[in-house]
Every structure is written in structure tokens, then in C-alpha cells.
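This report concerns only the one structure given below.
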Amino acid sequence: MTNTKIPFLDLIARSPLIFSNVITRVWRRLLEIPSRGFPTGVRKDSFDAQHGTNTSGIVWLTNLRSENFARGIRYEPCPPRTCEAAIEQAEIDPTQFYFIDVGCGKGRPLIIASRYGFQQLIGIEYSAALCQVAERNLAICKIENAKIIHTDATQFTFPRANTFAMFFHPFQDDILAVVLDRLRVATEGHKLVIAYTGDGKDLVARQAWLEPLRDPPNMRLFKRKPY
Ligand SMILES: C[S@@+](CC[C@H](N)C(=O)[O-])C[C@H]1O[C@@H](n2cnc3c(N)ncnc32)[C@H](O)[C@@H]1O
């Protein structure tokens, strides 16, 4: 009897984690359709048309080599108005704050934040390919006070500075817990605002050292409790 292999089934058998991750992501995206609409697959949206950048589209296989890949969310850009409203409702003077996008993808929130005069803009991203795209986008927009750090968010050492930290659907709760703790320690004695969108909002809300600030559209804002 010949041993006929069906390539697709063979791939599933060899990579069950990746397969179950893809199924989970498809299912979660289906559940998000009411709040986020259907994925369009459109390569250039109006933000990119206006800026000459490449920030649109969905990228699923962001970093297959990372042990945290199965807990990371695919790349999809934040709607500009969501990011703008979060910054505008944060009750901060941006010139006294760092803007850090945790899981920055192609860098759209950094481009938006650059209009508000933040001291420094930092994007953290574990996909090398997305980091390159983000750097190109920053260069196209001639943004000089921004840097992209290619690392897993669980490894990043946050600066000791007043911080506006943005999380737009970056990863699952176990990773979020690690990152929040690093953020808590690094920003002790400084002001911190967290803008959060994603499934982990209850985990953020449970942090005893944070308190709710505002609920702009599609985001929740939290701030560090005063000492
Ligand atoms: C939904 S996208 C958001 C992109 C960007 N913040 C925005 O709003 O346009 C989530 C991003 O988080 C990145 N990511 C997921 N897990 C990560 C991790 N552990 N460390 C760093 N980046 C991560 C993904 O590669 C993806 O680019």
C-alpha cells in the first residue's frame, strides 16, 4: 500500500499549536465583527493615502519563532480616531510624557502621537518585518523623536519617565500581566496613563495600583494612583 500524504493534513499534524492558534484567532475575529467590522483586505486605507505610508492591512504570522507567538494578536492598525481620542482624553501634557506603543506593528499610533508633542515616541514590536515597515513609515513622515525597539514586550525595560502606554489588542492576559508588572516597577514615582483596547481590560482594571480615568470610544484609560 502506498503511503500517500495529504500536505495540508501533514502540516496540521506537525504544527498543532500553530493550527489551534489560527482557529482561535479566526474565531475571536468573528466575535469581534460587531465592534470592529469585517476585515477588508484593502491594502491602502485613507490614513495611508494621506500620509504615503504602509500601515493598513492585516498581518497574521507576525513572529512564528517567538515562544509567545501563540499568545500574540495579529497585526491590525488602530483606527486613527481611537488613538487620537485616547490621547486627547488622557488629561496629560504630552510634552512631559513618553508615548510607548506596546506591540506597535507598522507604527500608525506613533505617527498619530507625533502630532501631540510627546517628548519621545517608542514602539515595541517582536516582528522584525513589522519593525522594518514601521521604521520606513517614520522616515516617510520625517518623525525624528521616535524609535522602534525590536523585542518581545516581556523583555522590554520601560524608561523611568512619565509614560502614556498604549495597548491596542496586543496579546493575551498572561503576557499582559508580565508587561504590566514591568511597567509598574519602571514608572514608580512617575505619572502613567494606560490606554487599553482588548480582551485583557478586566485584568488591567483589577490592578490595585491603577484607577480608571476615562472611556473614550473603543478604549479604556487608566492612570497610576497617586502616592
Ligand atoms: C493589533 S496589532 C496593533 C498594532 C499597533 N499598536 C496599532 O495600534 O496600530 C498588535 C501588535 O502586537 C504585536 N505583538 C504581539 N505580541 C507581542 C509581544 N509579545 N511583543 C511585542 N509585540 C507583540 C503584534 O506583532 C502586532 O503587531
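Which condition breaks for Y126 when tested against (1) more than 24 Å from P217 (Cα to Cα); (2) surrounded by fewer than 19 Cβ atoms within 10 Å (Cβ to Cβ); (3) of a type in the set (F, W, Y)?
Failed condition: (2).
Determine if the range 91-106 includes at least one residue that is within 13 Å of the ligand (Cβ to nearest atom), surrounded by fewer than 23 Cβ atoms within 10 Å (Cβ to Cβ) and under 20 Å from Y75 (Cα atoms). Please lay out each step first, then the result.
Just the residues of the range 91-106 that are within 13 Å of the ligand (Cβ to nearest atom), to begin with: 99-106.
Still in the running and surrounded by fewer than 23 Cβ atoms within 10 Å (Cβ to Cβ): none.
For the range 91-106, residues within 13 Å of the ligand (Cβ to nearest atom), surrounded by fewer than 23 Cβ atoms within 10 Å (Cβ to Cβ) and under 20 Å from Y75 (Cα atoms): absent.
Within the range 161-168, is there a residue that is within 13 Å of the ligand (Cβ to nearest atom), surrounded by 16 or more Cβ atoms within 10 Å (Cβ to Cβ), modelled with pLDDT of 95 or more and farther than 24 Å from R214 by Cβ?
No, there is no match, as no residue in the range 161-168 is within 13 Å of the ligand (Cβ to nearest atom), surrounded by 16 or more Cβ atoms within 10 Å (Cβ to Cβ), modelled with pLDDT of 95 or more and farther than 24 Å from R214 by Cβ.
Using beta carbons and a limit of 6 Å, which pairs, at least six apart or on different chains, have the first residue in the range 185-202 and at negative phi and the second one in a loop (DSSP other than H, G, I, E, B) and modelled with pLDDT under 95?
Hits for this filter: T197/N218.
Of all residues being more than 7 Å from the ligand (Cβ to nearest atom) and modelled with pLDDT of 90 or more in the range 51-70, which is nearest to I175 (Cα to Cα)? Just the residue, please.
S56
Quick one: count up the residues across the range 120-160 that are among the aliphatic types (A, V, I, L, M), within 9 Å of the ligand (Cβ to nearest atom) and without any contact (Cβ under 8 Å) to a residue 12 or more places away in the chain.
Going through the range 120-160 one residue at a time, the tally reaches 0.
Counting only residues that are charged (D, E, K, R) and touching a strand residue (DSSP E or B) at 6+ places or on another chain (Cβ under 7 Å), give me the helices (runs of 4 or more DSSP H) lying completely in the range 92-207 with at least 1 of them.
On the way: elements: 108-113, 128-140, 173-186, 201-205.
Passing ranges, in order: 128-140, 201-205.
Just checking, does the range 193-213 include any residue being of a type in the set (F, W, Y), in contact with a helix residue (DSSP H, G or I) (Cβ under 8 Å, 6 or more places away or on another chain) and more than 15 Å from the ligand (Cβ to nearest atom)? Before the answer, list the steps.
The initial filter retains those residues of the range 193-213 that are of a type in the set (F, W, Y), namely 196, 209.
Keeping just the survivors that are in contact with a helix residue (DSSP H, G or I) (Cβ under 8 Å, 6 or more places away or on another chain) gives 196, 209.
Subset that is more than 15 Å from the ligand (Cβ to nearest atom): 209.
Looking for residues that are of a type in the set (F, W, Y), in contact with a helix residue (DSSP H, G or I) (Cβ under 8 Å, 6 or more places away or on another chain) and more than 15 Å from the ligand (Cβ to nearest atom), one finds at least one in the range 193-213, hence yes.
From the list I140, I124, pick out the single residue that is at pLDDT 95 or above and farther than 23 Å from G198 by Cβ. Explain how you work it out, then say what you get.
Values: I124 fails: farther than 23 Å from G198 by Cβ.
Checking each option against the conditions leaves just I140.
If you scan the range 169-181, which residues turn out to be within 11 Å of the ligand (Cβ to nearest atom) and of a type outside the set (F, W, Y)?
H169, P170, Q172, D174, I175, L176, V178, V179
Yes or no: the range 79-88 includes at least one residue that is under 18 Å from T163 (Cβ atoms), more than 15 Å from the ligand (Cβ to nearest atom) and modelled with pLDDT of 95 or more. Even if it seems obvious, please write down each step before you answer.
Taking the range 79-88 first, the residues under 18 Å from T163 (Cβ atoms) are 83, 86-88.
Subsequent filtering for residues that are more than 15 Å from the ligand (Cβ to nearest atom) retains 88.
Still in the list and also modelled with pLDDT of 95 or more: 88.
The answer is yes, given that some residue of the range 79-88 is under 18 Å from T163 (Cβ atoms), more than 15 Å from the ligand (Cβ to nearest atom) and modelled with pLDDT of 95 or more.
The values are calculated or read from the model by the stated rules, or taken from the named source; none is laboratory data. The structure presented is a predicted model; accordingly, all values stated were derived computationally and were not measured. Cβ atoms come from the backbone with ideal geometry, glycine included; neighbour counts cover every protein chain shown.
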